[in-house]
Amino acid sequence: MSVETTDLLDVDDLTAAELETVLDRAAAIKAGEDDTDLSRRTLAMVFEKPSTRTRTSFETAMTRLGGHAIFLGPDDIHLGRGEPVKDTARALAGYADAIMARLFDHADAAELAAYADVPVVNGLTDDAHPCQTLADLLTIREAFGGFDDVTVAWIGDGNNVAQSFVLGAALADLECTVTTPPSYGVDAGVMDRAAELGTAPTVVDDPETAVADADVVYTDVWVSMGEEDVREEKLSAFEGYQVNADLLAGHDAKVMHCLPAHRGEEITDDVIESDRELIWQQAENRLHAQAGLLVELLD
């Protein structure tokens, strides 16, 4: 089947069948079994936040597919500064075949999508990170041969990565257990959306319970970009939620992290460097998952 959605603001803009289509396409591209050509296609990449993986993976994906990507940083355009977002959206849509935006405010991504008549992809906002979820699911599918009987434990902050992941897990019918400190959980509305999609996430009180039956343990930074002013408060609240050798002792779980990692905070160096990790496969899969998505949106 083809993907009928025109924008990807969060992963549940896809249906379960469309998610499978994107992952299948990504796997075929990664295996060298898909030669789709996006020559003469241009992706405008709008960045308010710095990036390693998002910029490099999207730009490389467009290059490998025969297209072109333009980096537009905060000092390059007038997004929200001297020009309404809707005006930037309409102007970019006249030049590019798709827009990828890595922004702070999710409402700005939604406004871009509302006024641009080309596909808009959320490369990250404070509310969601759907492209990371596509890479995560591709990685789990590769590591376990599918999603049947696989359980993932999310440990730490109920942030944008967590919110998209619980939605993606529900779409893929993947068992997901979430444990966060009080007041740092996944947004209740997101949890309700996940429950309506498929397999509802399970919330438990502590990391030890979460990892007991987990095949994968997934974490992310506790202090995200823009939260530096509450760093000490969050580090105190998250004490006991570190993914370390003691937590994983007696379990065979693999470990995922979307990066960048604050080694010694949410995860220890020895776990990242152990044979448990799926982290670098996960990072590489940003390239392939996004290539699959771009082909489905543009071809």
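The values are calculated or read from the model by the stated rules, or taken from the named source; none is laboratory data. Quick caveat, the model's predicted, so the values are computed rather than measured. FYI the Cβ positions are ideal-geometry reconstructions off the backbone, even for glycines, and counts take in every protein chain you see.
Can you pull out every residue in the stretch 132-158 that is farther than 17 Å from N285 by Cβ and surrounded by fewer than 24 Cβ atoms within 10 Å (Cβ to Cβ)?
Filtering the stretch 132-158 down to residues farther than 17 Å from N285 by Cβ leaves 148-149, 151, 153-158.
Scanning the stretch 132-158 gives D148, D149, T151, G158.
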(Q) Among the residues of the stretch 205-230, what is the count of those that are in a helix (DSSP H, G or I), modelled with pLDDT of 95 or more and over 17 Å from T180 (Cα atoms)? (A) 0
Q: Please find, among D213, D220, the residue that is in contact (Cβ under 8 Å) with a residue 40 or more places away in the chain and loosely packed, with under 14 Cβ neighbours inside 10 Å.
A: D213
(Q) As an exercise: evaluate D173 against (1) out of contact with any helix residue (DSSP H, G or I) (no Cβ under 7 Å at 6 or more places or on another chain); (2) assigned to a strand (DSSP E or B) and give the number of the one condition it does not meet. (A) (2)
(Q) Being of a type in the set (V, I, T) and in contact with a Leu (Cβ under 9 Å, 6 or more places away or on another chain): is that true of T177 here? (A) no
Q. Quick one: L38 ticks every box in (1) of a type outside the set (K, R); (2) modelled with pLDDT of 95 or more; (3) surrounded by fewer than 19 Cβ atoms within 10 Å (Cβ to Cβ) bar one, so which box is it?
A. (3)
Q.
Give me the residue from the stretch 23-65 that is among the acidic types (D, E) and outside any helix (DSSP H, G or I) and, out of that set, nearest to V120 (Cα to Cα).
A. E48
